[in-house]
Structures are given as C-alpha cells and as structure tokens.
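Below is one structure, written out as structure tokens, with a few remarks after it.
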Amino acid sequence: MDNNRYSSNRPRRKVSRRTYRNRRLAALAIIALLVLILIVLIANACADGKDKKKPADSKTASTMTTTTTVTDAAIVTTSTTTAVATVPKNDSDFKLDRQTISIMVGESDMPRVLEYPEGTVEADERWTSSDKEIATVDSYGHITGVAPGVCYVILKSAADLNQEVMIKVTVRGEASDEDDDTTTKPQSSRTEAPAPPVHDTEGLTYIDGILLVNKEYGVPATFEPKLEQICYDKFNELSTAAAKEGLSIYISSGYRSYKDQETIYNNYIEDEKKKGNSESEAKKIVDTYSARPGYSEHQSGLCIDVNTINDAFGYTPEAAWLAEHAHEYGFIIRYPQGKEAITGYQYEPWHIRYVGSKVADKIYKNGQCLEEYLNVG
Ligand SMILES: [Zn+2]
C-alpha cells in the first residue's frame, strides 16, 4: 500500500535550475501568505473569546477552507480554519423589566427597556417574534397574544447586531364569551375548565371560562392556586398607570388560603359575639361582609383588596380612578353599589376581581355584577 501520493519514487520532469528556484520561491510565498492568514484568523478567534458579550452557545458558524496544492514542488498545503461567529442570547447589555410575559389571546403587554447597550438608543430597537401565530410584536415592543402557546420575542439593537435579548411569551386561551367560543377554555393552567355550568373534578365552577366563587359556589379546601401571575401582572400595570396620575393603589390583601379565611371568619364571629350577639346572629352579620372558608373569592387567586379595607376608601380619588379604569386592565369592582342583594355582599370599592379585559369591559359598560353577567344567582 502506498499511502504517500508524493513519494520520492514519483518520477519528475527535468527542469532548469532557474525555473526550479523560481517555483520554489513561489511556493514559499504562498506558504508565507497562508501562515499570515492563519495568524489573522487565530487573532480574531482569541478576540472573540475575550468578549463577554458573546457566549459560547453559538448558533451560526462560518467555515473557511483553504486548499493549495503545489504539485511540482511536491508540496501540498491544506489549511482549514473555522471562524466561529457568536450570537448573544440573554447575556446582552439590554436590561428589561422582565424576562417572561403571560397574556391572554387578544391581549397586549409590553416589556419595558430599563437599560440600553452602549451606543444604542430607543430608535434602534428591533422587535421580532419567533412565532407570529402565537404572538405578534410591533416596532415599539407591544406584544399581542394570537393563539394559545409559547413563543419568544427577540429584541435586537440596530446599532449593534450582537446585542440581543429574548422574552418568553406564554399566551393563554381568552377567558371570555367570544362568539365563536363554544368550548370553554381554561383560565388557569392549573385547572381545566369544564363545560358551563358544572363542577369539575376539583370542585371548581367555571362559566364561560370564568371561575365563579361566591356564597353559593365554593372551592375545595385543597385548592391553593396562590395569586395568579396574570392577576398580579395586570395589577402592576394598573398600579403603574394610577401612579402616573399621582395616585397610590397597592395590594392590601391578595391570595388567601382556606385556612386563612377560616381564621378570619372565626375571628369576626368572636368579635360579633363579644358585642352580645348569639352564635346564629353573629353568623348572619358576619356573612354580609366576610366569606365563609371555601367561599372566599380570595382563594381563587384572581382578586385583590387594595389600599384600606373600609368604607372611607370609597371617597378617595384612588377609588374613583379604580372604578373608572379597572376594566382597562381586566378587573371589575366585584361587589358594586346597588347589587348587594345579588352578590350577597355590601359595597366593596376596594375588592377587584380579574376576569380579562374583554369581559371586564362588557361588565363595566353594562353596569352589571359578575353574577348578572354570568346569569346565575
Ligand atoms: Zn376582598
């Protein structure tokens, strides 16, 4: 076996000394050139390695291959250099106010850019969606849910294409009574929504995708969703908008477990009994302002009591703003004035319930309470 194609046994043509010298010089020149190219490429690769903005998990790579064959001088030079072009991920100098966004179909949300990379300004923002069938994004970064699913929105800098940051976007089925919506979609990933109005295996009641919790429809003691992320996120938007008008709206009480509510309810009963009421009288009174354990909407993780929980709150500019704007963020004033007989609760200007902006808008415009809207109770 002859593995050496260029063995010394290979016959050579006779050439003059001069030609031979010229060819040798040419070959040396080519080698020198190749070595130079190699040095430049290695220097570039080292520079990339020092650049922290460019992580190792590169997605694209360009390959440069140089092959030179100088047959006469029996020299074969093959130089293969791979120059790695790196694509930064969430290691960029963009700083956003969050890395994930959760929205419902038809709803919009916008992450805020807190810091820009050096040399990049607002006008350099370039927003793209990894899947426009799940969520779209406009040139300002408004992300809109199109269909349930998960995708990524990518923010790049037109001034520095190495600067790139991703936001994970989760789009949930809209909890509304859409015209074409004959099947009920879950409002929470933790629970499946059954066809209305029936109890599912977990003992929850969904009507048109809305979890109903009132004096009649309870939730099991084991149901512990905590405060739903969507509710929290939307409240923060609401609170931020109010703050721009100089108003302070904050969470006073959000999620409450069955146990929490049990303690609250029993304490109220004791208070009423201390005033001289009998056990049954005390319950009657407490039932007008406090839910029994398992029947508090606070256990749903979808409602929030804001600011001070007393009637005086109703006379504050914050309460007036909340009544006029809560629906824009998907909330309703759950126990409105004049609906006490239907809701079973006195007017609570501080208690807001998340139902999604479409439903909230309808309830607001119709001047209804949730039971009226869902046609129950
Ligand atoms: Zn409340």
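Using DSSP to call loops (not H, G, I, E or B), can you name the chymotrypsin sites (Phe, Trp or Tyr not before Pro) in the range 322-377 whose Cβ has at most 16 other Cβ atoms within 10 angstrom?
Details: sites: Tyr329, Phe331, Tyr345, Tyr347, Trp350, Tyr354, Tyr364, Tyr373; in loops: Tyr345, Tyr347.
Passing sites in the range 322-377 are Tyr347.
Length available on full extension from Lys273 to Lys259: 0.36 nm per residue minus the Cα-Cα distance, which gives 2.9 nm.
Length available on full extension from Arg21 to Asn366: 0.36 nm per residue minus the Cα-Cα distance, which gives 114.4 nm. Label zone (Thr288, point 7 Å along Cα-to-C-beta; backbone nitrogen cut-off 15 Å) within the range 297-312: 311.
Rule-based calculations on the coordinates, nothing more; no lab input. None of these values were measured; they are calculated from a predicted model. Reconstructed Cβ throughout: ideal geometry from the backbone, glycine too, with neighbour counts over all protein chains shown.
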